[in-house]
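Please read the structure below before turning to the comments.
The values are calculated or read from the model by the stated rules, or taken from the named source; none is laboratory data. Quantities reported herein were computed from a predicted structural model and do not represent experimental measurements. All Cβ positions, even for glycine, are placed from backbone atoms using ideal geometry, and neighbour counts span all protein chains on display.
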DNA sequence: AAAAAGATTGACACATGTTATAATTTTGAA
DNA sequence: TTCAAAATTATAACATGTGTCAATCTTTTT
């Protein structure tokens, strides 16, 4: 049973490609299941068979594009924790920049159709990296002894979730989102840093003080 | 032309009441426009005439219930800024507590149907009070000179927005939401407080360290 | 090659938010 | 009181996500 799976994968690919084409050339409003099936050259039923729902098609779009900016970031490598975190933010900024408008509408659409899923995904991902970071940083003496890694990770996650949401709805630009994230995270970390890590964090904090007005 | 407006107001009230009844007794899934019109004793068209859309009916529900926990809070009175802020949080906690489940489903439904509106409402309200607080606190020497009130208000708003969203989706309980808010806000304020205000903020921060696990 | 299993298709259906249209009722002005 | 304006109603319709189900095509197994 390998031909069967290959055929299904090809259909999945066709559907993903069709979805992306429609979104890019006609806009998200035109992405209906009927039109999607049409452009992909499959029946209306097939996207449901292969993805389950419209929302899951959209999620597959982000997965396929490796949307998660932290997935392949330097944070996964063995840098000192703080440097890794800053690298992850740089990486995220670059990833977003590449194709901001497209990611934005897709992410927004997912939020509209199922905010629980979108939120859970965003929070879980960020919680994971935030907590990994905190543990790593604790071990390397970059955070005060007794810092609650879980709690710290959750705080970082809360902030990023909100900022992602505001980015998706157009409240923050791409750049401003990253600035807000850096500033918010630095602010939190200022309360947990040690003398050795303080200068870096303070620099990060100070580097984000030039405010940009949110979009009207 | 006063009878006309009175009649419209009565219809609006009937519709709001019907919506609340349906949500409370049958659940949000049963709140369809057709059923709403039925229970309210009006035609299907009338809610659209009087509110514009289903989402706006739900927003009217929150408005009518004075859902905004900061609207009538002690923060509006002439207390020292920090005390006012803490009073506002206590007040918010009480307001939420009163009828948590109902508010939660209504707020959540608004987020699902129009997260921009919901977010704008939440952010704007909190930005306003956050910035008012910051100005007040600056003037009374509770914040470091040179603190950017706008920026500070925005930061507080970002955090509360995220927490509200997580509360709506059931990620945080009522109590945990408030704890996270207090802790997040105190964390931010720690970076801006003066020697006089530091003890209060540190107390607020320390009082929120007993973590509760988020709902699964 | 034939039968069985699995996936796709097509046509239809349903629920829901929303809109259109024409008829009817209600209100305010003449 | 009469009449024009405004609001409401009844009814139908539309678009869309999603489900049903039998028929058909494709792959796997025998």
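Working only within the range A:113-132, note down all residues that are within 14 Å of residue B:165 (Cα to Cα), at the interface with chain B (Cβ under 9 Å from one of its Cβ atoms) and either within 12 Å of the chain's Cα centre (by Cα) or surrounded by fewer than 19 Cβ atoms within 10 Å (Cβ to Cβ) (or both).
Residues satisfying the conditions are A:116, A:119, A:120, A:123.
State yes or no: is residue A:52 more than 15 Å from DNA strand C (Cβ to nearest atom) and either part of a helix (DSSP H, G or I) or at pLDDT 80 or above (or both)?
No; evaluated as a whole, the condition is false for this residue.
Given the conditions (1) assigned to a helix (DSSP H, G or I); (2) at pLDDT 80 or above; (3) surrounded by 22 or more Cβ atoms within 10 Å (Cβ to Cβ), report the number of the one that residue A:138 does not fulfil.
Of everything listed in (1) assigned to a helix (DSSP H, G or I); (2) at pLDDT 80 or above; (3) surrounded by 22 or more Cβ atoms within 10 Å (Cβ to Cβ), residue A:138 misses just condition (3).
So, in the range B:141-168, of the ones that are surrounded by 21 or more Cβ atoms within 10 Å (Cβ to Cβ) and farther than 16 Å from residue A:155 by Cα, which residue ends up farthest from the other protein chains (Cβ to nearest Cβ)?
Going residue by residue through the range B:141-168, those that are surrounded by 21 or more Cβ atoms within 10 Å (Cβ to Cβ) are B:142-143, B:152, B:154-168.
If we keep only those that are farther than 16 Å from residue A:155 by Cα as well, we get B:142-143, B:152, B:154, B:168.
Details: B:142: 18, B:143: 14, B:152: 10, B:154: 8, B:168: 8 Å.
Going through the qualifying residues, I end up with B:142.
Based on what the data block shows, is residue A:82 away from DNA strand D (no atom under 16 Å from the Cβ) and either modelled with pLDDT under 95 or surrounded by 13 or more Cβ atoms within 10 Å (Cβ to Cβ) (or both)?
On the way: away from DNA strand D (no atom under 16 Å from the Cβ): yes; either modelled with pLDDT under 95 or surrounded by 13 or more Cβ atoms within 10 Å (Cβ to Cβ) (or both): yes.
Here the answer is yes, as residue A:82 does meet what is asked.
Any chance the range B:15-27 includes a residue that's at pLDDT 80 or above, within 14 Å of DNA strand C (Cβ to nearest atom), surrounded by fewer than 18 Cβ atoms within 10 Å (Cβ to Cβ) and more than 14 Å from chain A (Cβ to nearest Cβ)? Show your work before the answer.
As a first pass, look at the range B:15-27 and keep what is at pLDDT 80 or above: B:15-27.
In the following step, the residues that additionally are within 14 Å of DNA strand C (Cβ to nearest atom) were identified as B:15, B:18-19, B:22-23, B:26-27.
Remaining after also requiring surrounded by fewer than 18 Cβ atoms within 10 Å (Cβ to Cβ): B:26-27.
So of that shortlist, the ones also more than 14 Å from chain A (Cβ to nearest Cβ) come out as B:26-27.
Checking the range B:15-27: at least one residue is at pLDDT 80 or above, within 14 Å of DNA strand C (Cβ to nearest atom), surrounded by fewer than 18 Cβ atoms within 10 Å (Cβ to Cβ) and more than 14 Å from chain A (Cβ to nearest Cβ).
Check off (1) away from chain B (no Cβ under 13 Å); (2) buried (at least 19 other Cβ atoms within 10 Å of the Cβ); (3) modelled with pLDDT under 85 for residue A:103 and give me the number that stays unchecked.
All conditions pass for residue A:103, except number (3).
Name the residues in the range A:169-188 that are facing chain B (nearest Cβ under 8 Å) and in a helix (DSSP H, G or I), would you?
Residues satisfying the conditions are A:180, A:183, A:184, A:187, A:188.
Before we move on, is residue B:120 part of a helix (DSSP H, G or I) and either in contact with a strand residue (DSSP E or B) (Cβ under 8 Å, 6 or more places away or on another chain) or at positive phi (or both)?
Numbers: part of a helix (DSSP H, G or I): yes; either in contact with a strand residue (DSSP E or B) (Cβ under 8 Å, 6 or more places away or on another chain) or at positive phi (or both): no.
So residue B:120 does not fit the description; no.
Just to check your reading of the model, which residue among B:24, B:35, B:16 is more than 14 Å from DNA strand D (Cβ to nearest atom) and either more than 25 Å from the chain's Cα centre (by Cα) or assigned to a helix (DSSP H, G or I) (or both)?
Residue meeting the stated conditions: B:24.
Got a sec? Which of A:94, A:137 is over 13 Å from the mean Cα position of the chain (by Cα) and more than 13 Å from chain B (Cβ to nearest Cβ)?
A:137 is the lone residue from the list that is over 13 Å from the mean Cα position of the chain (by Cα) and more than 13 Å from chain B (Cβ to nearest Cβ).
Can you confirm whether residue B:211 is at the interface with chain A (Cβ under 9 Å from one of its Cβ atoms), assigned to a helix (DSSP H, G or I) and either at pLDDT below 90 or under 15 Å from the mean Cα position of the chain (by Cα) (or both)? Even if it seems obvious, please write down each step before you answer.
On the way: at the interface with chain A (Cβ under 9 Å from one of its Cβ atoms): yes; assigned to a helix (DSSP H, G or I): no; either at pLDDT below 90 or under 15 Å from the mean Cα position of the chain (by Cα) (or both): yes.
Spelling it out, it is not the case that residue B:211 is at the interface with chain A (Cβ under 9 Å from one of its Cβ atoms), assigned to a helix (DSSP H, G or I) and either at pLDDT below 90 or under 15 Å from the mean Cα position of the chain (by Cα) (or both).
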